[in-house]
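Below is one structure, written out as structure tokens, with a few remarks after it.
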Amino acid sequence: MNLKSLETVLRLPNLIGLARNSTATLLLSSVLVSGAAQAELDYPEKEELKFGFIKLTDMAPLAIAYEKGYFEDEGLYVTLEAQANWKVLLDRVIDGQLDGAHMLAGQPLGATIGYGTKAHIITAFSMDLNGNGITVSNDVWEEMKPNIAQGADGKPVHPISASALKPVVDRYRSEGKPFNMGMVFPVSTHNYELRYWLAAGGIHPGYYAPAKGDTSGQIDADAMLSVTPPPQMPATMEAGTIHGYCVGEPWNQQAVFKGIGVPVITDYEIWKNNPEKVFGVSKGWADEYPITHIRVVKAMIRAAKWLDENNNANRPEAVEILSKSQYVGADYDVIANSMTGTFEYEKGDKRDVPDFNVFFRHNATYPYYSDAIWYLTQMRRWGQIAEPKSDEWFMKTAKEVYRPDIYAQAAESLIEDGLMQASDFPAFDKEDGFKAPQSDFIDGITYDGKRPNDYLKSFQIGLKGDDQI
């Protein structure tokens with residue numbers, strides 16, 4: 001263990017500073033080696049914890065870590081508590097009612113930069129990849145179908161571009177009617193994925209202008225996006241309040257089962273293996289309970305691996321667990337429709353999508369800086385970040401929020417415990433926190449996390465350079 005990590009674990013900044021500048025180095029080294037390293041392994045600073053979540057299938061690592069005893073293996077006694085919505089969840093982490101929570105990947109970033117409630121939130125664990133879809137009402141689907149190519153089997157060719165939706169949106173606008181769509185939160189993956197898909201098809205999703213007091217996100221919009229809590233999405237669409245939505249499972253498949261709508265695209269098709277949820281804690285909490293935090297991450301890494309191992313062999317059991325009322329509380333068949341490697345679009349059009357939910361494969365749990373920067377680029381693209389920012393700012397902000405150093409400590413402890421192998425993780429001595437440039441987007445545009453402003457310049461629709469609203 002090096003001096004820097006010991007400083008984190010022991011919270012001894014004054015003593016560390018003294019040791020760096022005096023003969024106290026030898027004494028400090030003796031203390032650290034003989035006592036503190038043992039403490040890091042032997043006990044968490046806080047044993048009883050309460051974590052929040054929203055009723056979505058991607059809260060699964062929390063449920064599995066609890067049900068399989070992985071939290072208890074780390075000396076942690078955890079209560080899991082469903083939250084009413086994402087704002088309540090974030091507020092309760094900030095004010096300390098929750099020790100941590102299943103969060104939208106954009107929430108720690110948005111809070112830290114002050115979009116909405118300002119608070120320094122960090123994440124050392126990415127909970128999953130993919131897992132979302134975009135669903136439209138039956139009426140809208142019938143209008144879209146003539147604009148969609150059909151395969152030899154008579155079924156729609158996927159992925160479906162939003163250009164198939166554009167004539168429908170244009171008709172609404174010509175008739176003076178708003179085309180309303182739902183997403184779950186302003187800094188949610190769902191908001192950015194829905195916006196990405198719409199813009200790639202020539203539909204403007206609107207801008208935010210927080211400096212002017214306009215946080216509607218509907219400035220210059222062709223389609224009007226607004227917040228709807230995930231479990232309320234199907235009913236809100238059935239009532240005609242919205243004509244479509246972007247949400248995580250099981251709420252797209254719920255529309256299919258109820259016969260009220262059709263999922264037209266998954267986020268796997270918008271951006272292959274996109275990062276989705278994270279486990280977030282306040283920076284103050286992480287500083288106060290560093291060993292506890294590492295042990296929480298250890299338990300969740302084990303849960304994520306269990307969810308994906310043996311080619312998803314454990315997924316049916318996971319679906320049984322998630323269908324319990326204290327977790328997602330949806331019917332087994334609804335959850336299984338996406339969780340077990342398939343996805344149903346139009347009723348009866350069930351297709352194999354083995355990576356629709358990924359919890360551990362492809363280094364899914366590692367908190368990459370490049371993932372954080374992608375979210376920040378979308379905040380800038382749509383005006384949530386109102387002013388131009390340098391590439392260096394994007395990097396600095398990502399490093400303030402995403403903490404692969406904490407993740408690495410948890411992973412290395414699991415390896416030392418004999419519970420995981422080094423091959424299960426990135427090569428930490430070589431990993432710089434950036435994925436290679438990615439081109440698996442629906443519009444074919446390449447994303448390089450080290451060049452965020454160049455990436456923004458590649459979009460026809462969206463703010464870039466010195467643009468401001």
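The residue that is least open to solvent (accessible area, probe 1.4 Å), counting only those in the range 386-402 that are more than 27 Å from residue 214 (Cβ to Cβ) and of a type in the set (Lys, Arg), is 399.
Would you be able to say whether some residue in the range 38-53 is in a helix (DSSP H, G or I) and modelled with pLDDT under 50? Yes - at least one qualifying residue is present in the range 38-53. Among the residues examined, residue 212 qualifies as of a type in the set (D, E, K, R), modelled with pLDDT under 95, over 22 Å from the mean Cα position of the chain (by Cα) and open to solvent by 30 Å² or more (accessible area, probe 1.4 Å).
Give the residue, chosen from 258, 347, 283, 305, that is in contact with a helix residue (DSSP H, G or I) (Cβ under 9 Å, 6 or more places away or on another chain), closer than 30 Å to residue 222 by Cβ, open to solvent by 20 Å² or more (accessible area, probe 1.4 Å) and outside the structural domain of residue 229 (by the TED database).
Step by step, each of 258, 347, 283, 305 is checked, and only 347 is in contact with a helix residue (DSSP H, G or I) (Cβ under 9 Å, 6 or more places away or on another chain), closer than 30 Å to residue 222 by Cβ, open to solvent by 20 Å² or more (accessible area, probe 1.4 Å) and outside the structural domain of residue 229 (by the TED database).
All told, residue 292 meets the bar of being in a helix (DSSP H, G or I) and either more than 19 Å from residue 105 (Cα to Cα) or not acidic (Asp, Glu) (or both). Of the residues examined, residue 217 is one that is modelled with pLDDT of 95 or more and in contact with a Gly (Cβ under 9 Å, 6 or more places away or on another chain).
Just one of the listed residues (310, 273, 314) is open to solvent by 20 Å² or more (accessible area, probe 1.4 Å) and either in contact (Cβ under 8 Å) with a residue 60 or more places away in the chain or not assigned by the TED database to the domain that holds residue 61 (or both), and it is 273.
Taking the condition assigned by the TED database to the domain that holds residue 315, at positive phi and over 18 Å from the mean Cα position of the chain (by Cα), does residue 383 pass?
Values: assigned by the TED database to the domain that holds residue 315: no; at positive phi: yes; over 18 Å from the mean Cα position of the chain (by Cα): yes.
When the stated conditions are applied, residue 383 does not pass them.
Of the residues making up the range 374-393, those that are within 21 Å of residue 460 (Cβ to Cβ) and part of a helix (DSSP H, G or I) are 374, 375, 376, 377, 378, 379, 380, 381. Which residue, of 240, 217, is assigned to a strand (DSSP E or B) and either outside the structural domain of residue 414 (by the TED database) or open to solvent by 10 Å² or more (accessible area, probe 1.4 Å) (or both)? Of 240, 217, the one residue that is assigned to a strand (DSSP E or B) and either outside the structural domain of residue 414 (by the TED database) or open to solvent by 10 Å² or more (accessible area, probe 1.4 Å) (or both) is 217.
Among the residues making up the range 102-134, those that are among the small types (Gly, Ala, Ser), more than 16 Å from the chain's Cα centre (by Cα) and closer than 20 Å to residue 53 by Cβ are 116, 119. For the range 455-462, the condition of being farther than 20 Å from residue 272 by Cα, free of Cβ contacts under 8 Å to residues at least 12 places away in the same chain and assigned to a helix (DSSP H, G or I) holds for at least one residue. Identify all residues within the range 254-282 that are within 18 Å of residue 231 (Cα to Cα) and part of a loop (DSSP other than H, G, I, E, B); write none if there are none. Correct list: 259, 260, 276. Do you know which of the residues in the range 433-462 that are farther than 24 Å from residue 359 by Cβ and among the acidic types (Asp, Glu) is farthest from the chain's Cα centre (by Cα)? Only one residue tops the list, namely 454. Selection over the range 418-447 of residues that are surrounded by fewer than 13 Cβ atoms within 10 Å (Cβ to Cβ) and of a type outside the set (Ser, Thr, Tyr) gives a count of 9. Among the residues of the range 356-376, not one is open to solvent by less than 30 Å² (accessible area, probe 1.4 Å) and more than 15 Å from the chain's Cα centre (by Cα).
Could you tell me whether residue 234 is open to solvent by less than 30 Å² (accessible area, probe 1.4 Å) and at pLDDT below 95? Judged against the criteria, residue 234 is not a match.
Of the helices (runs of 4 or more DSSP H) lying entirely inside the range 68-187, the ones with 3 or more residues being open to solvent by less than 10 Å² (accessible area, probe 1.4 Å) and outside the structural domain of residue 210 (by the TED database) are found at 86-94, 106-113. Of all residues in the range 448-469, which are crowded, with 19+ Cβ neighbours inside 10 Å and of a type outside the set (A, V, I, L, M)? Result: 449, 452, 455, 462. Filter the range 325-344 for residues that are free of Cβ contacts under 8 Å to residues at least 40 places away in the same chain and on the phi < 0 side of the Ramachandran plot; which is surrounded by the fewest Cβ atoms within 10 Å (Cβ to Cβ)? By that ranking, first place goes to 325.
The values are calculated or read from the model by the stated rules, or taken from the named source; none is laboratory data. Computed from a predicted structure; not experimentally measured. Backbone-built Cβ (ideal geometry, glycine too); neighbour counts: all protein chains shown. Side chains included, ligands, DNA and RNA excluded: accessible areas come from the protein's heavy atoms. Shrake-Rupley method; radii C 1.70, N 1.55, O 1.52, S 1.80 Å.
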